[in-house]
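A.B. asks: Below: one structure in structure tokens.
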Amino acid sequence: MRVRSPKNASLFGSLTGRLRLTRHVAARGLLSLSGIPAPIVGAFSLIGIVFVPIGLASLSASQAIVELVDRYDAECVSASDKVGFIQDTKTDKACTRTITVPKPMKGPVHIYYQLENFYQNHRRYVKSRSDKQLRYKDATNLIKTCEPEGTSADGAPIVPCGLIAWSLFNDTYSFSVNKKAIEVNKKNIAWESDKSSKFGSDVYPKISRKGDSLVAASWMRKCQKLYGRIESDIMASDEITVVIQNNYNTYSFGGTKALVLSTTSWIGGKNNFIGVAYVAIGGICFFLALCFVILHVVKPRTLGDPSYLSWNKESPDHPN
Amino acid sequence: MAHVTRLARSAPSSLLCTVSASLCLTGHIARFSGPGPLLRETADESPARSYGELDAAAEIWRRTAVLVLRPSPSPSRLQFFAKLKAMKRFVYINDESYQNDYCDNRISNTKYTLWNFLPKNLWEQFRFVTLSATKEAWDDYNRYISDRQANEKELWIVKNGSRKHIQAQDIQVGNIVWIRENEEVPCDLVLLGTSEPQGVCHVETAALDGETDLKTRVIPPPCVGLEFDQLHKLKGVIECPVPDKDIRRFDANIHLFPPFIDNDICPLSINNTLLQSCYLRNTEWACGVAVYTGNETKLGMSRGVPEPKLTAMDAMIDKLTGAIFLFQLSLVVVLGSAGNIWKDSEARKQWYVKYDDDEPWYQILVIPLRFELLCSIMIPISIKVSLDFVKSLYAKFIDWDEEMFDLENDTPAHAANTAISEDLGQVEYVLTDKTGTLTENKMIFRRCCIGGTSYGNECGDALKDVELLNAIANGSPHVIKFLTVMTLCNTVIPIKSPNGSISYKAQSQDEDALVNAAANLHMVLVSKNGNIAGRMSVVVLDCQSGKILLLSKGADEAVLPCAYSGQQTKTFVDAVDKYAQLGLRTLCLAWRELESEEYAEWSRLFKEANSALTDREVGVPETIEILRQSGINFWMLTGDKQSTAIQIALLCNLISSEPKGQLLYINGRTEDEVARSLERVILTMRITSSEPKELAFVVDGWALEIILTHYSEAFTELAVLSKTALCCRVTPSQKAQLVKLLKSCDYRTLAIGDGGNDVRMIQQAHIGVGISGREGLQAARAADYSIGKFRFLKRLILVHGRYSYNRTAFLSQYSFYKSLLICFIQIFFSFLSGIAGTSLFNSVSLMAYNVFYTSIPVLTTVLDKDLSEKTVMQNPEILLYCQAGRLLNPSTFAGWFGRSLYHAIVIFLITIHAYSNERSEMEELSMVALSGSIWLQAFVVTLEMNSFTFVQLLAIWGNCIAFYAINFFISSIPSSGMYTIMFRLCKQPAYWITLLLISGVGMGPVLALKYFRYTYRPSAINVLQKAERSRGPMYSLVNLESQLRSDKDTMMVPVATTPVKGKSSVYEPLLSDSPMASRRSLGSSSFDIFQPAHSRTSYPRNIKAN
């Protein structure tokens, strides 16, 4: 029930009190007229001003990228028993796909394979590899982390060991544009660092598995889906024919396979998400800033008036 | 004793009887010094001694010994010695063959040994989450170092008849130890010899009991007169109790073997001992036999390790930790079973994962355990370390605070307990001692009334009163007697310094004041040998006239009944009352000549140290006023009489006089009277609780005793109702009981006091504050905080307590927030990785995230100030936010929980979407998410901090830079899992754009919400912050303006400062600006006034007012 003692008020005396009061009322009037909450409105406007252009730039960069996606897992297997078909080593799994290019694609055109429903980050899968084995010539026996693909049936260490290497993506693509065979550059698809340091160069000859050693290295990076590059430009309405050796079994877990051809820009691959998100957030911020202004006009509120403090609200019934 | 009793019987006056009775009780008869006949009949259980010629003394002792002789042990009794050994110990003086029975003098204050550190510490950890092992180990190491210093101190002992130099730790029970002047006593000794011919020595016991005066110790009678070299050959046995911690008792017997004296058994008391940690003063040397050694000394036994106090905040953090732990467990169970189900239904189809079809049964546990590992970071381990760190900083801030430095006594404030600063901000009840706490306890001889004449004028110094000086000059017999009593009836030891000036060492302030006053009035106490003076009375032989005088001194209640009745007595009663009204402490002095048949004359005199408001401690009323504004309730517990207590309370603003306040008395002698009185008071309290009257109740020790035994429930209700209470004539244990009572009602209590009688209360309360004043250091030693002056309490609570609370509230919740954030990201990622428990972040990043990236910036919160100290002092009501726990409760915690969930979703979704397709490589993904978390952390800390110093900015943004530096470094190590990742990421524009997006999306809503709350639902803190920023100097307008507003405002919100049980802080977190909202009682129906409607109606009013 403690209310501020009027003793302090009397300190000012009636003389100064009137003067100060006038000044105070004036100050309050000014505040309510021009008291648009500048910092908050400014902050949100600023976010809007920064975000919308970035969003538009990203969006345009993303839009400029030509991306062709061709899903082929269903079409390339005609048999009804797809799993049986893919597991049969004797059948010819060649499959020809034709893609028409709608817009000119400026080289280099990146070739990706895209697996869906493929848990590349599954714990057993991610962990099952041996960086040391790949890095050092003499580390063939360092297969402890590779379980359950550490040793072959006769107990010899597998190089490279582990589930990642074991389940290497083994579809192959051969491209021709307008019936003219075109070379796919598979160099530089692994990061430079992986080749030179992470995986020692003297290890490659020892890799006994099928497939290109560089592809192996890139697969070691777990989710590298870059298959290769076409260095030349591709014109609009060109026809790309791809002969696919459809070897990789995604049928048993219902995964899809697709071939992706894409140009690149500073933003990376085709991805509208960043651009859309930026524009949206920028817009929301502008809207919020506007809301704050409107709210302030409708419901003005002077901040920091100590008389709002409950203990400064005096009760008329209980004057002290 | 017989002599005295005879005298008393023959004396006609009632005074003498009572006084002699008190003599028997206190058991001290002393003799005034000087050459002259000895008072041979002096006899007492405690070894009173005469000091004259040595042989005479020895004679007396033999007689005394006869008087008090106890039966010597019969052979049959000796047979039971083996049994007795469990209860007694026998110390064979200077005898090697018996010395191995007891421990040596090695002391050990360390809590742990090498063997039990781990189990014992784990147990402690389990109990007290906030005590970290490293700090414990470090503290214990420091204790070990100081122990070692004490243990390795060199000193002389007697061994095999010759003196040897050994280390203190090698002292065995039974060794004779030599100590020189100003040396510390290494163990508990029984005194055998000193350099003084009278067989006394002086010790300073400050380290033991905090009393700074010198105490006299005497040689037990059988050893008196032993030659220096005889001491080397002394043999004998001391029978003493098993070690205990009572420093006031030592009931033992000494029995010297032939050829020394005889085979009589002589009793020993505490006056024959030198206890460990005392210092030998004014005595060239002393020697004694070790009876208790090592940790078995009185000091060692009483030391003990005090149970760590747990703050309300720690308890809350523990609760929240428990809740998070349960959440974690349920999450693990849910995700674990989901993972197992998914594994069986889906993962077996994923041939590349290569699950075995027939795996052992325990494989079912693998996925839950993986999730347990992932979620274990949910409970931040770093919170312990961070909290310990900031808590010790809070304590240091208190130690360093220059505004709490007592210039007068040159003492800084000190936080002995570094762990409970937050509790200071949550104090609801302050229980204060009067003497020396509210009053400065500086005794000045103010007034006296001698033989019916009052001396001393209004401005109050009797020493300057011309009339008194004249009376002395004229040799008025009354006045001379008065001065004699003043000078002699005390325990003061005069110490002559080399330059001839005399200083006095007194046990209490009153005595000091009196002797000094007498000295100023030309009655100088030059030397005093009979210093085993009685507390109440001394028997003095006047060597000139040969008369034996009894001088007595005491409180008026004790002395007045013994006095002659008559007109003069009435004058004295009036004078006592008058002085008490002035707030002076009164003492009555009385004397009478013992041998004269007739009562020659008597005189009673009063005097006292002032207790007037003006020169009572400076700033006490202001401090009480401010603290009461902040909602703290004051109870004054004092040993003083009721009228003095009320007077002091009025002067200190504790209670208001009539129209404004009302005092309710609870008194009565019998149970019924007390019960009726209590009932009446409670009724009045209930009725008037709606009126703006300041009610207080007064209760005295007698009634309190009855109430506490029979009516504790009713009294609890009264305690809840009453903001102020005065308890007079209470004992130390009653003080502690009252604290306990308030604690049982779930209030945070702070006890403040300065004397030994406050120690129990101080130890009992949540927070004990000791005033390192003049009444010794006992209270300050026992306390958690010691301050120089009462007025520092407001700074301690409002500034240090409040800041500590706010800072810890933020720090702890933030710690949970950041741990939850990273954990949620991990959990979301597991949905992408087949619910197998893959960790997105590598272990190095996770470790660094907890230890560096998120811990260091937030530690600078110890520098954060939400409001300036000045604003807090001007608006002490703001403390309510801390008291009610508004900044750390399940509700605010839920806010932080929600924020971490939201931020985790933002980071996860944006990272996944922005880095889909060819970039979605786990290592990259993890670094993007981690960078996003770090950025958000920096923004969150920036947003939540209120004041910025260079250090804070450096820590927050320097941490961001350090994050990149560290990761660049790790990325350049080829063998690390994230080789080149960071370089590659930083080259991509998409990385930076993604981070900006995360920051924008993460912080935008937080910012908007904060603004809305700040503007439309401001807490009082927000209002004051804004006021501080926009127009700090215009505070003064508050009062003026509110006065002007008051006539048009209809609905008012009174600040309820009466704490009510069951604070509902949880339900109204920071949304309401009415402090009452959190004070509202959940259960107590008697508080009709505290309607929640008040807080609601206040909003429309505010808006209207604009």
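The values are calculated or read from the model by the stated rules, or taken from the named source; none is laboratory data. The model shown is predicted, which means the values in this text are computed figures rather than measured ones. In this analysis, Cβ positions are derived from the backbone assuming ideal geometry, glycine residues included, and neighbour counts consider all displayed protein chains. Note: accessible area is taken over every heavy atom of the protein model, side chains too, but ligands, DNA and RNA are not part of it. Shrake-Rupley method; radii C 1.70, N 1.55, O 1.52, S 1.80 Å.
A.B. asks: Past 21 Å, Cα to Cα, is the threshold; run B:Lys693/B:Lys794; A:Lys103/A:Lys180; A:Lys103/A:Lys270; B:Lys641/B:Lys794; A:Lys299/B:Lys1010 against it and keep the listed order. Numbers along the way, then the final one.
C.D. replies: On the way: B:Lys693/B:Lys794 24 Å; A:Lys103/A:Lys180 19 Å; A:Lys103/A:Lys270 14 Å; B:Lys641/B:Lys794 27 Å; A:Lys299/B:Lys1010 17 Å.
In this structure, B:Lys693/B:Lys794; B:Lys641/B:Lys794 exceed 21 Å between Cα atoms.
A.B. asks: Please average, across the residues of B:952-958, the number of beta carbons from any other chain that are within 10 Å of each residue's own beta carbon, and give a whole number.
C.D. replies: Mean inter-chain Cβ contacts per residue within 10 Å come to 0.
A.B. asks: State in Å² the accessible area per residue of region A:86-182; use a 1.4 Å probe, count heavy atoms of protein chains only, and round to the nearest integer.
C.D. replies: Result: 51 Å² per residue.
A.B. asks: What's the lysine pair count for region B:252-386 at a Cα cut-off below 25 Å, pairs eight or more apart or interchain?
C.D. replies: Taking the Cα cut-off of 25 Å, the pair count is 5.
A.B. asks: Provide the buried accessible surface between chains B and A in square angstrom, both chains summed, 1.4 Å probe, rounded to the nearest 100.
C.D. replies: 8700
A.B. asks: Which sequence of B:Tyr279, B:Tyr144 reflects their accessible areas, 1.4 Å probe, from the largest down?
C.D. replies: Largest accessible area first, the list is B:Tyr144, B:Tyr279.
A.B. asks: Calculate the mean, over all residues of peptide A:115-122, of how many other protein chain Cβ atoms lie within 10 angstrom of the residue's Cβ.
C.D. replies: On the way: counts 0, 0, 3, 2, 12, 7, 12, 13.
Per residue, the number of nearby Cβ atoms from other chains is 6 on average.
A.B. asks: Let me ask something else. Could you pull out every residue, at least 5 positions away or on a different chain, whose amide H is within less than 5 Å of the one on B:Tyr665? Hs are placed 1.01 Å off N in the peptide plane, and Pro or chain starts have none.
C.D. replies: B:Val698
A.B. asks: Carbon and sulfur: what percent of region B:860-984's accessible surface (1.4 Å probe)?
C.D. replies: Answer for region B:860-984: carbon and sulfur cover 75 percent of the accessible area.
A.B. asks: Averaged across B:970-978, how many Cβ atoms of other chains sit within 10 Å of each residue's Cβ atom? Kindly include the intermediate steps, with their values, before the conclusion.
C.D. replies: On the way: counts 0, 1, 0, 1, 7, 5, 2, 2, 0.
Mean inter-chain Cβ contacts per residue within 10 Å come to 2.
A.B. asks: Using θ = phi - 60° and the Karplus form 6.51 cos²θ - 1.76 cosθ + 1.60, what ³J(HN,Hα) does each residue of region B:881-886 get, whole Hz, x for Gly and Pro?
C.D. replies: Result, ordered by residue: 4, 7, 4, 7, x, 6 Hz.
A.B. asks: In whole Hz and in residue order, list the ³J(HN,Hα) couplings for region A:260-272 that follow from phi through the Karplus curve 6.51 cos²θ - 1.76 cosθ + 1.60, θ = phi - 60°; x for Gly and Pro.
C.D. replies: 10, 10, 8, 7, 10, 9, 4, 7, x, x, 6, 7, 7
A.B. asks: May I pose another question? For labels at A:Asp92 and B:Arg669 in the simple 7 Å Cα→Cβ model, what's the distance in nm?
C.D. replies: 12.6
A.B. asks: Tabulate in residue order the Karplus-calculated ³J(HN,Hα) for region B:216-223, using 6.51 cos²θ - 1.76 cosθ + 1.60 with θ = phi - 60°, rounded to whole Hz; enter x for Gly and Pro.
C.D. replies: So the Karplus estimates, Gly and Pro as x, are 9, 10, 10, 6, x, x, x, 8 Hz.
A.B. asks: Continuing with the same structure: Pull up all non-local amide H partners of B:Phe257: gap of 5 or more, or a different chain, and H-to-H distance under 5 Å with H placed in the peptide plane.
C.D. replies: Placed amide hydrogens put B:Lys235, B:Gly236, B:Val237 under 5 Å from B:Phe257.
A.B. asks: Next up: Collect residues whose amide H, placed 1.01 Å from N in the peptide plane, falls under 5 Å from the amide H of B:Thr411; neighbours closer than 5 in sequence don't count.
C.D. replies: B:Asp406
A.B. asks: Further, regarding this structure: Which entries in A:Lys187/B:Lys987; A:Lys93/A:Lys127; B:Lys396/B:Lys1026 show an alpha-carbon gap greater than 23 Å?
C.D. replies: A:Lys93/A:Lys127; B:Lys396/B:Lys1026
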